[in-house]
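Asker: Sending over a structure as structure tokens; questions will come in a sec.
What follows is calculated from the coordinates using simple rules that are stated; it is not laboratory data. Note that the structure is predicted; figures quoted are calculated from it, not measured. Note that we place each Cβ from the backbone using ideal geometry, even for glycine, and neighbour counts take in every protein chain shown.
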Amino acid sequence: MHSELNKIKKLEGSPKVINNFINTEEVAQFLKLYDELPIAVNNLKQKVIKKRWLDGSGKELESLFKSKLKSVIGDFRMDNLITNDGKECFGLFQESHNPLKLHVDAGFNLRDLIYKQTLIPLSEHGETVIFKNRYYGVSTNFTNNENELAENNPENFKKGKNARSDEHLKIFSDKPFDKSDHEKYLKHENIENLKGMEIEFVYNWNLGDLLIFDRTHLHCSSSNIKNKKIGLTTFTKK
């Protein structure tokens, strides 16, 4: 559990969307940067491509983004990802052909005062589901699949990969997940893995928007994807 728990809770709030956070030209610039960056992960099983926004790439976009974000959430520090060779990454581009499952991006250092994370949609179609449920441990993928739980290798976590856990089924209620919500948004998830979960907000992607929510929020993609979606995620702390 995070050592700055009380301070983290005081910073929490409801998810919000800033419409037209960036304009059409800036969307094109982000997509150009995405095309130029090297592939960090090409997971054929999950059908997701990840590219890290490497330090030194797109400096003008970085300055623009930080300035605009500060006007919305106030002072912050970026919680930069670190590559295997020790370089800092400003954010993470993801091109997903399959929906991402239930997880939390609460960071890898329990001493950090984690704050907000952001999503900029860089494609037209997509949905992000944010739950009322919160988690105050490390970045974790939540699953009741025994094979996935067996992948919970501490060495992977040290390399910046999420932990695997079914702890959510123990800390939240046993209330069955709403069947209509499951059918509408979350058919890619085992409904038994969603016991005790309750949706707070479903964001329907729109080019140029910025989605902001707390890093303690459990969330996932919806199952409604048309071919693929591309988004840029960044993480902040105080």
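Asker: Would you compute, from DSSP H runs of 4+ residues alone, the mean residue ellipticity of the chain at 222 nm, taking -39500 (n - 2.57) per run and dividing by the full residue count, rounded to the nearest 500? Walk me through the intermediate numbers first.
Answerer: Values: 7 runs with 55 residues, N = 238.
Taking each H run of at least 4 residues, the total per residue is -6000 deg cm²/dmol.
Asker: Taking the 0 to 90 degree range and rounding to the nearest ten, how far is the long axis of helix 59-73 tilted relative to the main principal axis of the chain, both from C-alpha atoms?
Answerer: 50 degrees
Asker: Turning to a different aspect of this structure: When the Kirkwood hydrodynamic radius is evaluated over all pairs of different C-alpha atoms of the range 79-199, what value in angstrom, to one decimal, is obtained?
Answerer: 16.1 Å
Asker: Something else: If you take the charge dipole of the range 5-237 about its Cα centre, with +1 on Lys and Arg Cβ and -1 on Asp and Glu Cβ, which of L92, N224, Y115 is farthest toward its positive end?
Answerer: In the range 5-237, that residue is Y115.
Asker: In addition: Using a ≥ b ≥ c from the Cα gyration tensor of the range 36-78 (square roots of the eigenvalues), is it rounded, prolate or oblate, where a/c under 1.5 gives rounded and otherwise the larger of a/b and b/c decides, a/b for prolate? Can you show the working numbers first?
Answerer: Numbers: a/c = 3.68, a/b = 2.03, b/c = 1.81.
Taking the square roots of the gyration eigenvalues as a ≥ b ≥ c, the range 36-78 is prolate.
Asker: Please give every one of the aspartates and glutamates within straight-line cross-link reach of K66, meaning a C-alpha to C-alpha distance under 17 Å, and leave out same-chain neighbours fewer than 8 residues apart.
Answerer: Once the sequence-local aspartates and glutamates are set aside, what remains near K66 is E26, D55, D75, D79, E88, D209.
Asker: Find out how many positive minus negative residues lie around K238, taking Lys and Arg as positive, Asp and Glu as negative, among other residues whose Cβ is under 13 Å from that of K238. Walk me through the numbers on the way to the answer.
Answerer: Details: positive: K7, K9, K10, K70, R77, R111, K116, R215, K237; negative: E4, E12, D75, D79, D112, D214.
Taking every other residue near K238 into account, the sum is +3.
Asker: Pull up the cross-link candidates among the aspartates and glutamates for K187, meaning alpha carbon to alpha carbon under 16 Å and not fewer than 8 places away within one chain.
Answerer: Qualifying aspartates and glutamates at Cα under 16 Å: E127, D178, E198.
Asker: Could you state the angle between the C-alpha long axis of helix 24-36 and the longest principal axis of the C-alpha atoms of the chain, as a value from 0 to 90 degrees rounded to the nearest 10?
Answerer: The angle comes out at about 80 degrees.
Asker: Based solely on C-alpha atoms, express the radius of gyration and the Dmax of the chain in angstrom.
Answerer: Reported Rg and Dmax, both Å: 17.1, 48.
Asker: Rg/Rh for the range 171-223 to two decimals, with Rh computed the Kirkwood way over all alpha-carbon pairs. Please report the intermediate quantities before stating the final value.
Answerer: On the way: Rg = 12.4 Å, Rh = 12.5 Å.
Over the Cα atoms of the range 171-223, Rg/Rh equals 0.99.
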